[in-house]
Amino acid sequence: MNRHAAASDLNARKALRDASDAVRKAGEGWNAEGVVLPFSKVSEQKQSSMVLGQRTTTETAPTDIARACGDGALQEEQQNDTVADTLIDAAKIASSQRSENLPTIRASFDLLQQWVCTVVSIGDGEFVAIARDKMNPECPDEEVVFDCADVNDADSQLLEIGAVFYWSVGYRISEWGQKTKGSELRFRRLPAWNKRELAAAEKRAEELGLLFVEDGNA
Amino acid sequence: MMKAEIENASVVVLGSFNPAIFQPAWFGAQGLITGEEVTAAKLGMVHPEIAIFSTAWFSLQVTSDRFQIETVTPDSYPLLRDLVTGTFTILSQTPVARMGLNTRRHYRFDAEEKWHAVGHLLAPKEPWAGVLNAPGMRALVMWGQREGTAASKIEVRVESESHGRPDYRIFVATNHDYVLRGEGGTLHICELITAEWDDILAYGRTTAESLLRVGMP
């Protein structure tokens, strides 16, 4: 690498580092004074607001003209005149870049009803599950028969007795606003047990099993 | 009861992360998302300092000190809980310090008077007499505690938005802030989110309905 290329590479690395830093700061958000704080300072500052609150990429930009509810007059939000203006600018740029970078989820689902179901038996082309109403927990559990064809191909390997899935009924709204009423089964995905965890469980089971043994005899 | 026009839920964890891990392929390899979701995932950026990608039902941003995952499809709320639980079960050695469980609901009002009624209820104008002409509530943040949660602090934020008639909106966001155990922090995440996720979603809905009731039909 010649000297010129090395310098360019160095500059590129620095720019990337700065951009990453700005994105990180944008993610950390603003404290009550409107100043971006690094994580260490944020965690120290007990009064900091919504440190763990969600920040979205669709919020109204600070410079948007906004109107206040409760008879407030039209007003333009003033940017905080703080010593952190440079950081603020960097974070805004990074945030706007993030908005462009982060693909937004446009489709939505208008949920009407949802059940948590547990598979209790599997037959020829169908299976039976106990459905618990998630939106009205006081409703009694119901036994429901499902067609195996209702299960997504990607989830079919998860179909077994004891498997948990979520049965949702509602309107799926496409990114173009098209509404389609339907139901969907999504199986619960949890990490598989590894060998070490299985060995530990077996050992624990043996230990517990000894509690049922009297005088060396079960 | 008025229905939220948009709603979402998110989980934020502060700690020390390796963003480069958080790629769709990794989640697929762990069995946490499907192969189709891996293939269809939209990559924003994957870099040692930051990872951003989204699928049809969640979006994820991870920096070296912050993990944030959210979904805007309510049918995916239990899936989000499972995904976070699965992720931190696998990454059990990750140092984590705090967690936020968040909800956010946007409501659109059909009448300006109803929208103002909410502002008048939550932020009475009498104390502002002589301070501001035509004062209006732009944003209100309250914090406190409540029974039945291990959260150290709960924050509720109400903000008004209007981009001109007839588009009068208010959003209500809730944030439950948890301080995680020093040892076994990731297990603590799994315990907390398993125990409290449904309650927090219900709290987000009832809080919004309670605060905005004067503006609801």
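The values are calculated or read from the model by the stated rules, or taken from the named source; none is laboratory data. Keep in mind that what you see is a predicted model, and the values were worked out from it rather than measured. Note that we place each Cβ from the backbone using ideal geometry, even for glycine, and neighbour counts take in every protein chain shown.
Return yes when residue A:195 is farther than 26 Å from residue B:29 by Cβ and modelled with pLDDT under 95 and no when it is not.
Values: farther than 26 Å from residue B:29 by Cβ: no; modelled with pLDDT under 95: yes.
The answer is no for residue A:195.
Would you mind telling me which numbered condition in (1) facing chain A (nearest Cβ under 8 Å); (2) more than 27 Å from residue A:113 (Cα to Cα) residue B:48 fails?
Answer for residue B:48: the failing condition is (1).
Given the condition free of Cβ contacts under 8 Å to residues at least 24 places away in the same chain, within 14 Å of the chain's Cα centre (by Cα) and surrounded by 17 or more Cβ atoms within 10 Å (Cβ to Cβ), answer yes or no: does some residue in segment B:90-108 qualify?
Within segment B:90-108, the subset free of Cβ contacts under 8 Å to residues at least 24 places away in the same chain is none.
No, segment B:90-108 contains no residue that is free of Cβ contacts under 8 Å to residues at least 24 places away in the same chain, within 14 Å of the chain's Cα centre (by Cα) and surrounded by 17 or more Cβ atoms within 10 Å (Cβ to Cβ).
A quick yes/no check of all residues on (1) more than 10 Å from every other protein chain (Cβ to nearest Cβ); (2) assigned to a helix (DSSP H, G or I); (3) basic (Lys, Arg); (4) more than 30 Å from residue B:90 (Cβ to Cβ):
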{"residue": "B:132", "(1), (2), (3), (4)": "no, no, no, yes"}
{"residue": "B:135", "(1), (2), (3), (4)": "no, no, no, yes"}
{"residue": "B:142", "(1), (2), (3), (4)": "yes, no, no, yes"}
{"residue": "B:182", "(1), (2), (3), (4)": "yes, no, no, no"}
{"residue": "B:207", "(1), (2), (3), (4)": "yes, yes, no, yes"}
{"residue": "B:210", "(1), (2), (3), (4)": "yes, yes, no, yes"}
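How many of the residues making up segment B:1-20 are without any contact (Cβ under 8 Å) to a residue 60 or more places away in the chain and under 9 Å from the mean Cα position of the chain (by Cα)?
0
Would you pick out the residues in segment A:166-204 that are within 10 Å of another protein chain (Cβ to nearest Cβ), touching a strand residue (DSSP E or B) at 6+ places or on another chain (Cβ under 7 Å) and of a type outside the set (S, T, N, Q)?
A:166, A:167, A:169, A:170, A:172, A:173, A:184, A:186, A:187, A:188
Working carefully through the options B:158, B:172, find the one that is touching a helix residue (DSSP H, G or I) at 6+ places or on another chain (Cβ under 7 Å), within 12 Å of another protein chain (Cβ to nearest Cβ) and either of a type in the set (Val, Ile, Thr) or in a strand (DSSP E or B) (or both). Don't jump to the end; show me each part of the working.
Values: B:172 fails: within 12 Å of another protein chain (Cβ to nearest Cβ).
After applying the criteria, what remains is B:158.
Please give the number of the condition residue B:167 fails out of (1) closer than 22 Å to residue B:4 by Cβ; (2) touching a residue at least 40 places away in the same chain (Cβ under 8 Å); (3) crowded, with 18+ Cβ neighbours inside 10 Å.
Every condition holds for residue B:167 apart from (3).
Filter segment B:170-194 for residues that are loosely packed, with under 13 Cβ neighbours inside 10 Å and either of a type in the set (D, E, K, R) or within 17 Å of residue B:10 (Cα to Cα) (or both) and give the result. Spell out how you get there, then give the answer.
Going through segment B:170-194, the residues loosely packed, with under 13 Cβ neighbours inside 10 Å turn out to be B:182-183.
Selection gives B:183 alone.
Which of the residues that make up segment B:59-69 are in contact with a helix residue (DSSP H, G or I) (Cβ under 6 Å, 6 or more places away or on another chain) and not β-branched (Val, Ile, Thr)?
Passing the criteria: B:65, B:66.
Here are some residues: A:176, A:167. Which one is among the aromatic types (Phe, Trp, Tyr), at pLDDT below 90 and over 30 Å from residue B:50 (Cα atoms)?
Working: A:167 fails: at pLDDT below 90.
None of the other options fit; the residue is A:176.
Can you tell me how many residues in segment B:80-111 are facing chain A (nearest Cβ under 10 Å) and in contact with a strand residue (DSSP E or B) (Cβ under 6 Å, 6 or more places away or on another chain)?
So the count comes out to 10.
Select the strands (runs of 3 or more DSSP E) contained entirely in segment A:133-218, then report the ones holding at least 3 residues which are over 30 Å from residue B:40 (Cβ atoms) and over 25 Å from the mean Cα position of the chain (by Cα). Spell out the reasoning first.
Values: elements: A:142-147, A:164-173, A:179-187.
The qualifying strands (runs of 3 or more DSSP E) are A:142-147.
Suppose we filter segment B:55-79 for residues that are among the aliphatic types (A, V, I, L, M), at the interface with chain A (Cβ under 8 Å from one of its Cβ atoms) and either at positive phi or surrounded by 22 or more Cβ atoms within 10 Å (Cβ to Cβ) (or both); how many remain? Before you say what the answer is, go through the steps one by one.
First pass over segment B:55-79, keeping only residues among the aliphatic types (A, V, I, L, M): B:56, B:60, B:62, B:69, B:72, B:79.
Checking the rest, the ones that are also at the interface with chain A (Cβ under 8 Å from one of its Cβ atoms) come to B:56, B:72, B:79.
Going one step further and asking which of them are either at positive phi or surrounded by 22 or more Cβ atoms within 10 Å (Cβ to Cβ) (or both), we end up with B:72.
Residues in segment B:55-79 being among the aliphatic types (A, V, I, L, M), at the interface with chain A (Cβ under 8 Å from one of its Cβ atoms) and either at positive phi or surrounded by 22 or more Cβ atoms within 10 Å (Cβ to Cβ) (or both): 1 in total.
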